[in-house]
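Below you'll find the structure I mean.
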Amino acid sequence: MTELEELKQELKKLNTGYAKIREVPAEKRGEFGRELNAKKLAILDQIRVAEEAALDTEVEAIDITAPCGVNEKMPEFYSVLDGSKHPLMTELDRVISIYQLMGFDVMESRQLDDEFHMFDSLNFAAEHPARDGYDTFRTEEGLIPPAHTSTMQHRVLKTYKNRLAQGKEIAVVVPGRVYRNEDVDATHEHTFYQCEGVYVSKNCTMGDMLGILREFFEKYYEQKLNIRTQPGYFPFTEPSLEFMIEKPKALGGKKGDFLEMLGCGMIHPNVLKMAGIDPSEYHGFAWGGGIDRLVMLRYGLKDVRHFEAGNLNFLKEF
């Protein structure tokens, strides 16, 4: 019997003593009652201490959701599998490593940003219709889940501009998650990943940009590729281009079958000025493209929705 149980038994016996008060001579009943009450209060106090001590005793937690007890064998219909890295994260690491080998630093993007970095710092005029192309979500506080990784361009330029004074260049890539107000289907998602590139120096040219992008895609797809550009429009680059690659034969491509992979161009002078960089002395270029599209092309996937669906059958393939 535990100490707590013994105290409760003692209290029970003590309570029977109150029934004997009538048997005690009248002149002694007061003293008898006071003694009983004092004993009862002392026992109750001991019981309280014992109960608190019992609550403080560590008890091994029981997982009521477990399919069996601690020392029982797991039922055969349950299988414990090792987790795996998400294919997007695997390919994102691969993308970053290629750029790092080319001398680029990495700056992580943000999950929430503001109007200034989303539009104003990127030469989007107020009420300009180009803003509609980046329709995204808003929080009640007025913050914006970024619709493109270009929201980081201003921060990259401000953070690394001291390198220019040292005779070095700015060379940074920015991977990150972005959000769009999209109708979701096999080729469109409201949540996906992009990788931004920013390069600034005294004498860089568009030819340097095309050379870097071609080198990246050839390293990523591990084969020589033909490239093509066509005019595009982005408020933060001038001129602006859409960069295309000839679909690799290994992925079912035919000669002359080109795919648009990203947008790019020379950084607009206004964007450089906004970051405190003199556009008459320095030039730069930038690009940004989706990671999901790279992975779909690499593995021959037909539906972008697999990446966010959490479908274990799909993830097991990787």
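Give the residues of the stretch 157-194 that are among the small types (Gly, Ala, Ser) and assigned to a loop (DSSP other than H, G, I, E, B), sorted by residue number.
Hits for the stretch 157-194 are GLY167, ALA186.
Say whether the condition of being out of contact with any His (no Cβ under 9 Å at 6 or more places or on another chain), free of Cβ contacts under 8 Å to residues at least 40 places away in the same chain and assigned by TED's automatic domain parsing to the domain that holds ARG94 is met by at least one residue in the stretch 285-292.
Checking the stretch 285-292: not a single residue is out of contact with any His (no Cβ under 9 Å at 6 or more places or on another chain), free of Cβ contacts under 8 Å to residues at least 40 places away in the same chain and assigned by TED's automatic domain parsing to the domain that holds ARG94.
Among the residues of the stretch 132-150, is any part of a helix (DSSP H, G or I), modelled with pLDDT of 85 or more and aliphatic (A, V, I, L, M)?
no
This table checks each residue for (1) surrounded by fewer than 15 Cβ atoms within 10 Å (Cβ to Cβ); (2) in contact with a helix residue (DSSP H, G or I) (Cβ under 7 Å, 6 or more places away or on another chain).
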site	(1), (2)
MET244	no, no
LYS247	no, no
GLY253	no, no
CYS264	no, yes
MET274	no, yes
GLY288	no, yes
VAL295	no, yes
TYR299	yes, no
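Return yes or no: is VAL200 among the β-branched types (Val, Ile, Thr), in the same structural domain as GLU260 (by TED's automatic domain parsing), out of contact with any Lys or Arg (no Cβ under 6 Å at 6 or more places or on another chain) and surrounded by 22 or more Cβ atoms within 10 Å (Cβ to Cβ)?
Yes; evaluated as a whole, the condition is true for this residue.
Tell me, which residue of the stretch 5-19 that is of a type outside the set (Phe, Trp, Tyr) and modelled with pLDDT under 75 is nearest to ASP45 (Cα to Cα)?
LEU14
The values are calculated or read from the model by the stated rules, or taken from the named source; none is laboratory data. As the structure is a prediction and not an experimental result, all values here were calculated from the model. Every residue, glycine as well, gets a Cβ built from its backbone with ideal geometry; the counts of neighbours run over all protein chains shown.
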